[in-house]
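The values are calculated or read from the model by the stated rules, or taken from the named source; none is laboratory data. Nothing here was measured: the structure is a model prediction, and the numbers come from that model. Counting neighbours? That spans all protein chains shown, and the Cβs are built from the backbone with ideal geometry, glycine included. In case anyone asks, the SASA skips ligands and DNA or RNA and just uses the protein heavy atoms, side chains included. Shrake-Rupley method; radii C 1.70, N 1.55, O 1.52, S 1.80 Å.
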Amino acid sequence: KAEAFAGSRNSQAFIVWHKGKVIRETYFADTDADTLIVGRSLAKPVTVVAVGRAIAEGYIASLDQPVSDFVTEWKDTEREDMLVRHLLDMRTGFLRQGMEREPESILNRSYLHPYHADIIINEYPLTHKPGERYDYANATSEMVAPLIERATGVRYAEWVSEQVLKPLGAKGGQIWVNRTGGTAHSGCCIMLPAETFLRLGLLSYYDGVWAGRRLLP
């Protein structure tokens, strides 16, 4: 009945995981086990795992380390008090997400500009003191990619592949960039197979432990 319900609601995949393995999987329409599904903002919880792996591997000291230790442009600015945890719980103080039709809007340039990470680092406005207020903003999660790259020296897509997905035995996919060689979008639109999204969810369910190995603090 659950599978029929999923199929009737335009789902792409229906997977049941029980006692450590997939016991049923059904794909609908043109989707199969290798189809890359656009995750949209499911890219955001991937950033949490990516940062957790960086902490576990010793590249980031803790969630309470200042982002400015890595994004040194923020030293001696109002952004200096922004902590790594604020990138993960939407308390950066950044201008909240909204709809703007004008191309020159900071909301659009910080998302679609070929050098969108530079726009966020150098131009995106703070509206509140970091840690003071929750406001959903793509720019907040987009900052995780440059954080990971500066902390580890590894490109974000490679870090996600090697440190997040491979330890889970999960298939990889694609990450959105605005130009060849550009900074990856970490806040939106990662494309992964359905079972990979399942395994990422299970890592949380298992409290950061996978197959007996602690992957997350």
Solvent-accessible area per residue, Å², over the chain with all protein chains present [probe radius 1.4 Å]:
52
If you take every residue apart from residue 207 with its C-beta less than 15 Å away from the C-beta of residue 207, what net charge results, scoring Lys and Arg +1 and Asp and Glu -1?
+4
Whenever you get a sec, compute what percent of the accessible area on the chain sits on carbon and sulfur atoms (1.4 Å probe).
50
Roughly how many Å is it from the Cα centre of region 143-194 to that of region 116-134, as a whole number?
22
Using alpha carbon centers only, region 1-57 is separated from region 62-97 by a whole-angstrom value of 31
Over all directions, average the projected area of the Cα convex hull of the chain and note it in nm².
13.2
Answer check: region 147-189, Cα atoms, Kirkwood Rh, Rg/Rh ratio of 0.96
With +1 on the Cβ of every Lys and Arg and -1 on the Cβ of every Asp and Glu, the dipole magnitude of the chain about its Cα centre, in debye rounded to the nearest 20, is 840
Among the lysines, which have Cα under 24 Å from the Cα of residue 44 when same-chain residues fewer than 8 positions away are ignored?
129, 166, 171
Select from region 169-217 those trypsin sites (Lys or Arg not before Pro) which occupy a DSSP coil region and have at most 12 other Cβ atoms within 10 Å, ordered by residue number.
179
May I have the extent of the alpha carbons of region 77-150 along their three principal axes, as whole Å values ordered from largest to smallest?
30, 26, 21
List 123, 104, ordered by accessible area with a 1.4 Å probe, largest first:
104, 123
Rolling a 1.4 angstrom probe over the protein chains, ignoring ligands and nucleic acids, what is the accessible area of residue 111 in square angstrom, nearest 10?
50
In whole Å and largest first, what semi-axes does the C-alpha gyration tensor of region 122-174 yield when each eigenvalue is scaled by 5 and square-rooted?
28, 13, 10
Assign one of three labels to region 17-118, namely rounded, prolate or oblate, based on the Cα gyration tensor with a ≥ b ≥ c the square roots of its eigenvalues; rounded applies when a/c is under 1.5, prolate when it is not and a/b is larger than b/c, and oblate otherwise.
oblate
A chain fully extended from residue 105 to residue 22 at 0.36 nm per residue, minus the present Cα-Cα distance, gains in nm 25.3 nm
